[in-house]
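> Sending over a structure as C-alpha cells; questions will come in a sec.
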Amino acid sequence: MEVKAYSDEIKNFKGDAVALLLYEENFKTIGRLTRGLANRVRKVLETENFKAKEGQLLKVPTPGLSVRVVYLIGLGKREKVDEDTYRRASALLAKRMRSDRVKSALLITPRRGELPRDISKALAEGALLGNYTFDKYKSKKEESFSPEELYIYRGDEKAIEVGKIFAEAQNYARDLVNEPGNVINPITLAQEAQKLAKELGLECKVYDETQLKEMGMEALLAVGRGSATPPRLIHLVYKPKKAREKLVLVGKGLTFDSGGLNIKPGDYMRNMKMDKSGACAVLGVMRAVAKLKPDVEVHGIIGAAENMPDGKAYRPDDVLRAKNGKFIEIDNTDAEGRVTMADTLSYASELKPDRIIDMATLTGACIVALGEYTAGLFTNSENFAKEIKRFAKKAGERVWELPMDDERLRKKIRSQVADVLNTGGRYGGAITAAMFLQEFVGEGIDWVHLDIAGPAWSKEDYAYYTKGATGFGVRTCLEYITKGSI
Ligand code: BES
Ligand code: MN
Ligand code: ZN
C-alpha cells in the first residue's frame, strides 16, 4: 500500500472511500464532505449507534455518489487523543479496507490546517502496520487483497516518509520473527543480517564458532552446542560523520528455544520461534537507521543460537566462562537467553558505548508480572530510563519499570561454585534475570534492559497488530535515536 499526502480539495478526490476521523465531542468535520455525502452520512447516523468512541468504525455505503463508501472512525475524547490514537485509527482503517476490498481512500482528521509532522507520521505508520500480513506460506493467494493507496488529507510529505520507514522496519522484524526455526537458524539469520547490511550500506561482521571460541565466548557457544546449527555473533554498525552519542543495541537471538535438556512441555515450546524477537527488533532498527541517517553511532549486536537437547548439549551444573571473565553456573538450561547475553553484553561493553539498550524475550515471569502487553524495563541509570519511558510513550509501546535495588533478591543468583547462577528461583524471576544480565554490563555504561517476552508476540488481532510477531521495541528505539525529531 502506498501512503501519500493529499493537498487538493476534498471534493476533487477520486477514489473508493473517504474516511473521517472523529472526536467523541463533535462530528462537525462531517461538514467537510461534499453535500451529498454529508447528507447521506447524517441520515445513517440518525439510526446507527455511532458515538466516535475510540476504536469504533461505521461504514456508510454511498452508492451513486463521488465515492462508494464513507468510513467514520472514532478517536474517543479529544483530550485523550495522542499520537498512538492516530496510529491505531489508521490501522483500523487499513484493516477494514483490506476486508472490504477497498482500493483507495482519503483519510481526513478533525484537525484544521496542515497536519503536524508527528500526526502525519503516526497515520502513515499505523496504516502500514495495520495492513501487515504474513501469508507467504499460504498457497491460495487469491483470498488476500491489499489496498493500493491511502491519501492523508493535508499530511506532511516528509513525515509520511519517516512513518513509512518506521513501519517497514517493524514489518521487516515481524516477517523475520514469524519465520519458523527450520527457515531461520543462527546461520541464516546471520546471512539475513549480511544481506541487509549490503543493501543499505551498513558494516556487518559475523563471527562463526571457531572465532567465537578464540574470542572467549564460551557461554554463547554452550547454549548452541545441542543444535545442528552452530551459533553466530552478528555485529552491525551505522556510523555517521559526527555522532552526538554512541549507542549499542543488543538483541536476544534464540532462533528456537526448546528449553534444551530442561526441555519445555509442548504447550510452552509452541511459538518459541519468537525467541529471536529481540534480535529481529535490532535488525529492524538498523534497517531504519540506515535510511534515516541520524547523528548517533548505532551498533547492533546479536548472539544467535538454537537451544536444543542433544548428546552435545550444555547441562545443568555446567560452569561456563563468559567473555568478561565471569564464571556462570548453569541451574537450568531453559534460562539460556541470559547466558547468551552474558557474552553479547560483554562484547557490547568492550565497544565502550555511552549507552546500551537490550531487548530480549527473557522470562515468562515478566509476563506473569505485567501481562502480555507490557515490557519490563530495568536499568542502572534512572536518567536513561526516564528518556526511554518518554519515547516509549510517544511510540505507543507500553513499558513498566521493575526494581533492581532488592539486594536480598540479588542473593538468589549467587552460586556455590561459580561467580553467578543462571536462575534465581520462581519469585521475582524477571528481576533476577535482569540482575544476572547486569553482571555483564561494563562500568560507567548507561543500560536499559527491555524484557519483551509478553508484547513481542500477540495471540490476538488488536490495534495495529495481527496474531503473531509485533516488532515490539523497534518504535521505542527509533523514537529514542531520532529524539522524536522527524
Ligand atoms: N524464552 C523464554 C522466555 C519466554 C517465555 C518468552 C514465554 C516468551 C514467552 C526463556 O528462555 C525461558 O525459558 N525462561 C524461563 C526461565 C526459567 C527457566 C528460570 C521461564 O521464563 O520459564
Ligand atoms: Mn528458555
Ligand atoms: Zn528463551
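The values are calculated or read from the model by the stated rules, or taken from the named source; none is laboratory data. Everything quoted here is computed from the prediction, not taken from an experiment. Using ideal geometry, Cβ is built from the backbone for each residue, glycine included, and neighbour counts are taken over all protein chains shown. We work out accessible area using only protein heavy atoms, side chains counted, and drop any ligands, DNA or RNA first. Shrake-Rupley method; radii C 1.70, N 1.55, O 1.52, S 1.80 Å.
> Name, by its number, the condition in (1) touching a residue at least 40 places away in the same chain (Cβ under 8 Å); (2) outside any strand (DSSP E or B); (3) of a type outside the set (Phe, Trp, Tyr) that does not hold for Met404.
The single condition Met404 does not satisfy is (1).
> Still on this structure: Out of everything in segment 419-429 that is open to solvent by 20 Å² or more (accessible area, probe 1.4 Å) and in a loop (DSSP other than H, G, I, E, B), what residue ends up being nearest to ligand 2 (Cβ to nearest atom)?
Of everything passing the filter in segment 419-429, Thr423 is nearest to ligand 2 (Cβ to nearest atom).
> Residues that are open to solvent by 30 Å² or more (accessible area, probe 1.4 Å): which strands (runs of 3 or more DSSP E) entirely in segment 1-91 hold 1 or more of them?
Output list reads 2-6, 57-61.
> Would you call Glu460 in contact with a strand residue (DSSP E or B) (Cβ under 6 Å, 6 or more places away or on another chain) and open to solvent by 20 Å² or more (accessible area, probe 1.4 Å)?
no
> Is it true that Ser139 is open to solvent by 80 Å² or more (accessible area, probe 1.4 Å), hydroxyl-bearing (Ser, Thr, Tyr) and modelled with pLDDT under 95?
yes
A quick yes/no check of all residues on (1) surrounded by fewer than 16 Cβ atoms within 10 Å (Cβ to Cβ); (2) hydroxyl-bearing (Ser, Thr, Tyr); (3) not in a helix (DSSP H, G or I):
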| site | (1), (2), (3) |
| --- | --- |
| Arg408 | yes, no, no |
| Ser415 | yes, yes, yes |
| Ile431 | no, no, no |
| Leu437 | no, no, no |
| Gly442 | no, no, yes |
| Leu450 | no, no, yes |
| Gly471 | no, no, yes |
| Arg475 | no, no, no |
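> Still on this structure: Pick out, from segment 139-214, the helices (runs of 4 or more DSSP H) lying fully within it that include 3 or more residues that are closer than 28 Å to Tyr480 by Cα.
157-178, 186-200
> Still on this structure, please answer the following. Using the structure shown, decide if Val223 is within 16 Å of ligand 1 (Cβ to nearest atom), part of a helix (DSSP H, G or I) and either of a type in the set (A, V, I, L, M) or in the same structural domain as Pro316 (by TED's automatic domain parsing) (or both).
yes
> Restricting the first residue to segment 257-271 and requiring it to be in contact (Cβ under 8 Å) with a residue 12 or more places away in the chain, which pairs with a second residue that is more than 10 Å from ligand 1 (Cβ to nearest atom) and among the aromatic types (Phe, Trp, Tyr) meet a Cβ separation below 8 Å and a spacing of at least six or different chains?
Within 8 Å, the pairs are Gly260/Tyr314; Leu261/Tyr314.
A quick yes/no check of all residues on (1) within 16 Å of ligand 1 (Cβ to nearest atom); (2) touching a helix residue (DSSP H, G or I) at 6+ places or on another chain (Cβ under 6 Å):
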{"position": "Tyr314", "(1), (2)": "yes, yes"}
{"position": "Asp318", "(1), (2)": "yes, no"}
{"position": "Lys323", "(1), (2)": "no, yes"}
{"position": "Asp331", "(1), (2)": "yes, no"}
{"position": "Pro353", "(1), (2)": "no, no"}
{"position": "Thr361", "(1), (2)": "yes, yes"}
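> Now a separate question. Contact list please: Cβ distance under 7 Å, first residue in segment 37-59 and touching a residue at least 12 places away in the same chain (Cβ under 8 Å) and in the same structural domain as Arg88 (by TED's automatic domain parsing), second residue among the hydroxyl-bearing types (Ser, Thr, Tyr) and part of a helix (DSSP H, G or I), pairs at least six apart or on different chains.
Listed pairs, sorted by first residue: Glu54/Thr85.
> Residue check: is Glu148 under 20 Å from the mean Cα position of the chain (by Cα), closer than 18 Å to Ala5 by Cβ, outside the structural domain of Arg232 (by TED's automatic domain parsing) and open to solvent by 40 Å² or more (accessible area, probe 1.4 Å)?
no
> Give the residues of segment 245-294 that are among the acidic types (Asp, Glu) and within 12 Å of ligand 2 (Cβ to nearest atom), sorted by residue number.
Residues satisfying the conditions are Asp257, Asp275.
> Let me ask another. Residues that are buried (at least 24 other Cβ atoms within 10 Å of the Cβ) and touching a Ser or Thr at 6+ places or on another chain (Cβ under 9 Å), at least 3 per element: which strands (runs of 3 or more DSSP E) completely within segment 243-353 meet that?
Fully inside segment 243-353 and qualifying: 245-257, 296-307.
> Looking for whichever is under 25 Å from the mean Cα position of the chain (by Cα) and assigned by TED's automatic domain parsing to the domain that holds Ser349 here; the options are Lys242, Lys213, Lys252. Which one fits?
Exactly one of Lys242, Lys213, Lys252 is under 25 Å from the mean Cα position of the chain (by Cα) and assigned by TED's automatic domain parsing to the domain that holds Ser349, namely Lys252.
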